[in-house]
Amino acid sequence: MLSSAGLALRRWASGCQGGRRTLATVISGNKTSQLVRERLKKDVEKMRKEVPGFRPGLVVLQVGDRDDSNLYISMKLKAAAEIGIDANHIRLPKSSTEEEVLSCIMSVNENPAIHGLIVQLPLDSVHRIDTEAVTDAVSPLKDVDGLTSINAGKLSRGDLGQCFIPCTPNGCMELIRQTGVSVVGKNVVVIGRSKIVGAPMHDLLLWSHATVTTCHSKTTDLPDHVGRADILVVGAGRAEMVKGDWVKEGAVVIDCGINHVPDDSKPSGKRVVGDVHYSSARERAGYITPVPGGVGPMTVAMLMENTVQSAWRFVRRQQSG
Ligand code: NAP
Ligand code: LUD
C-alpha cells in the first residue's frame, strides 16, 4: 500500500506531461453564453415567422437600488435586446411594502404580453418582506427563474420537461456538457443548498444520474468530500474557500461564487473572486470555470433560454385553443 505521501506523489505525477504539470482547461462562460444567445436569436426569428409581430416578453422586477442587482439586470436587459426579447425593467422603490410588490406581480401575471417574470434578489426594501411569499406569487407558467415551489417541486421529483430549471444550475450543466465529461455515475459534490443555486443543482445532477453529495455550513470534513468529487460545483458565497489541494486530480470544477475582495491595485479598490482558490485549483483540476467570465454569463443566457421556451409554450397553447 502507498503512504499518503506516495499517493500524493502519484497524483501529482499523473497530472504531469513530460515532467511539467498541465494546467486545467478553462471553460469559458463568455464564449458558451454567446453561442447560446446566437442560437436563441435564430429561434426568436423563427417564432416571428410563425407568428408575425409576436415577441417574447420578459419583466425583471427590482425592489430598491443595489449596485450588484443593477449590474446583473443591465446584463439581462442587454442580452434580451440582442435576442429580440421585449424586456421591461420594473423598479419599485425601497419604501415598497410586501403588498405593493405582490400587487405588481399579480398584474404582470395577468398580462398576456409577458411570458417571463423574475424578481431580482435580494429584495432591497426598508420593510420586512417575505422573499418566499414574493417568489411564490409568480405564475408558475411565467416563472423563468424556476423559483416557485411548483417548479422546484417538479425538479426535485425529476419532472425536468415540465418545469423551468433555475438559471444558474442550468448554466452549470451547460458548462459541464462543454467539457465532454459525462455526469452519469460520477461522484459529484455540490457545496451549498440555497434555493437559487445548491438545491436545484443537486436535483439536476441527481436526475442526470450522478451520485450527488450536497455539503453545507454544518458539513464536517469538507476537504475530504471535495477530494472524492469527479465533478465539483461550488455556491457557498465564501471567497476562495476551496483550496487547490482539496481538489481531486483531473476533476471538473464549476465555481458559482461572486465575491468582492479588497484589491488596492485596482482603481475600484476591489476585485471579484469565486468560492474556489483559482490559481491553486487550476493546478489540480482537469477543467475549471473562471470568475468572472464563468457561471455568471451563463445565468444570463439561461434566463433568455427559459424566456424563449416560455414564449414557445404560450404560442403552442394559443394554437391549440
Ligand atoms: P446563500 O443563499 O448564502 O447560500 C450559501 C450556501 O452555502 C448555504 O447553503 C450555506 O450553508 C453554504 N455555506 C456557507 N458557508 C459554507 C461553508 N463554510 N462550508 C460549506 N457550505 C457553506 O448563497 P447563494 O445565493 O446560493 O450564492 C452562493 C454564491 O454564488 C454567492 O457567492 C453568490 O454571489 C453566487 N451566485 C452566483 C450566481 C451566478 O450567476 N454566478 C448566481 C447566484 C449566486 P447553510 O445552508 O448551512 O447556511
Ligand atoms: N435573483 C439572480 N440574484 C443574484 N457576472 C443573478 C448574476 C449575472 N431572482 C434572481 O442574476 O438569477 C437570479 N435570479 N442572480 N446573478 C446572481 C444572482 C438573482 C451574477 C453574476 C452575473 C447574474 C454575471 O454575469 C459577470 C461574470 O461573472 O463574468 C460579471 C461579474 C462582475 O461582478 O463583474
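Any read-out appearing in this document is the output of simple, stated calculations on the displayed coordinates, not a laboratory observation. These numbers come from a predicted model, not from an experiment. As a convention, Cβ positions derive from the backbone with ideal geometry for all residues, glycine included, and neighbour counts pool all protein chains shown.
Quick check: Cα centre of the range 160-234 to Cα centre of the range 41-102, how many Å?
28
Can you figure out the FRET efficiency of residue 245 with residue 209, using R₀ = 30 Å and their beta-carbon distance, to the nearest 0.05?
The calculated FRET efficiency here is 0.55.
Take every Cα-Cα pair in the range 52-156 and report what % of them are more than 18 Å apart.
48
Taking amide hydrogens as modeled 1.01 Å from N in the peptide plane, which residues meet the under 5 Å criterion relative to residue 191, leaving out close sequence neighbours?
HN-HN under 5 Å from residue 191: 215, 233, 234, 235.
Dipole of the chain, Cα-centred, from +1 at each Lys and Arg C-beta and -1 at each Asp and Glu C-beta, to the nearest 20 debye?
1040
Which of 49, 195, 78 comes first, and how do the rest follow, when ranked by fewest Cβ neighbours within 10 Å?
Ascending number of Cβ neighbours within 10 Å: 49, 78, 195.
If you look at just the Cα atoms of the chain, how large are its Rg and its Dmax in Å?
20.9, 70
May I ask you to evaluate 6.51 cos²θ - 1.76 cosθ + 1.60, the Karplus curve with θ = phi - 60°, for each residue of the range 57-70 and list the ³J(HN,Hα) values in order in whole Hz, giving x for glycine and proline?
Once θ is set to phi - 60°, the couplings for the range 57-70 become x, 10, 10, 10, 9, 10, 10, x, 8, 6, 4, 5, 4, 4 Hz.
Please compute the alpha carbon radius of gyration of the range 43-84, then divide it by the globular-protein estimate 2.2 N^0.38 Å. Two decimals is fine.
Here the Cα radius of gyration is 1.48 times the empirical estimate.
Express as a percent, rounded to the nearest 5, the fraction of DSSP beta bridges in the range 182-321 (both residues included) that run antiparallel. Can you show the working numbers first?
Details: 4 of 20 bridges.
Of the beta bridges lying entirely in the range 182-321, close to 20 percent run antiparallel.
Looking at the square roots a ≥ b ≥ c of the eigenvalues of the Cα gyration tensor of the range 69-128, which shape do they give, rounded for a/c under 1.5, prolate if a/b is larger than b/c, or oblate?
It comes out oblate by the Cα gyration axes.
Restricting to the chain, what percent of DSSP beta bridges are antiparallel, rounded to 5?
15
What net charge is computed for the residues neighbouring residue 84, neighbours being all others with C-beta under 15 Å from the C-beta of residue 84, Lys and Arg scored +1, Asp and Glu -1?
+3
As an exercise, use a Förster radius of 45 Å and the Cβ-Cβ distance of residue 139 and residue 265 to find the FRET efficiency, rounded to the nearest 0.05.
Working from the Cβ atoms, E equals 0.45.
Where a ≥ b ≥ c are the square roots of the eigenvalues of the C-alpha gyration tensor, would you call the range 211-314 rounded, which needs a/c under 1.5, or, failing that, prolate if a/b is larger than b/c, or oblate?
In terms of gyration-tensor shape, oblate.
Connecting C-alpha atoms closer than 10 Å in a GNM of the chain, tell me which of 99, 240, 305 has the biggest fluctuation.
99
What is the dipole size for the range 115-165, taken about its Cα centre, with +1 at each Lys and Arg Cβ and -1 at each Asp and Glu Cβ, in debye to the nearest 20?
For this selection, approximately 140 debye.
What is the list of residues in the range 156-183 whose amide nitrogen lies under 17 Å from a point 7 angstrom out from the Cα of residue 75, following Cα to Cβ?
166-176, by backbone N distance to the label point.
How far, in nm, would the chain grow between residue 65 and residue 90 when pulled straight, counting 0.36 nm per residue and subtracting the alpha carbon separation? Before the final figure, lay out each step's value.
Numbers: separation 25, 0.36 × 25 = 9.00 nm, distance 1.17 nm.
Taking residue 65 through residue 90 to full extension adds about 7.8 nm, to one decimal.
Which of 168, 155, 190 sits closest to the plus end of the dipole of the range 106-198, meaning its Cα is farthest towards the positive end, when Lys and Arg get +1 and Asp and Glu get -1 on the C-beta?
The Cα lying farthest towards the positive end belongs to 190.
According to a simple spin-label model (label point 7 Å from Cα along Cα-to-Cβ), what is the distance in nm between residue 31 and residue 132?
4.3
Going by how many other Cβ atoms sit within 10 Å of their own, how do 83, 288 line up, fewest first?
Placing the least packed residue first, the sequence is 83, 288.
For the chain, with a Gaussian network of springs between Cα atoms less than 10 Å apart, report the residue from 167, 215, 256 with the top mean-square fluctuation.
Its mean-square fluctuation being the largest, the pick is 215.
What's the exposure ranking of 74, 194, going from fewest to most Cβ atoms within 10 Å?
Taking fewest neighbouring Cβ atoms as first place, the list is 74, 194.
Looking at the range 232-295, what % of its DSSP beta bridges pair antiparallel, to the nearest 5?
40
If I take every Cα pair under 8 Å that is 6 or more residues apart in the chain, average their sequence separation and divide by the length, what percent do I get for the relative contact order?
Relative CO of the chain lands at 21 percent.
Using only the Cα atoms of the range 265-321, build the gyration tensor, take square roots of its eigenvalues as a ≥ b ≥ c, and label the shape rounded, prolate or oblate: rounded if a/c is under 1.5, else prolate if a/b is larger than b/c, else oblate.
Verdict is oblate for the range 265-321.
Let me check against my output: what whole-number percent is the relative contact order of the range 126-217, with C-alpha pairs under 8 Å and at least 6 apart?
Relative contact order for the range 126-217 comes out at 24 percent.
At 0.36 nm per residue, and after removing the present C-alpha to C-alpha distance, how many nm does the segment from residue 194 to residue 49 gain when stretched out fully? Mind dumping the intermediate values first?
Values: separation 145, 0.36 × 145 = 52.20 nm, distance 4.00 nm.
Stretched fully, the residue 194-residue 49 segment lengthens by 48.2 nm.
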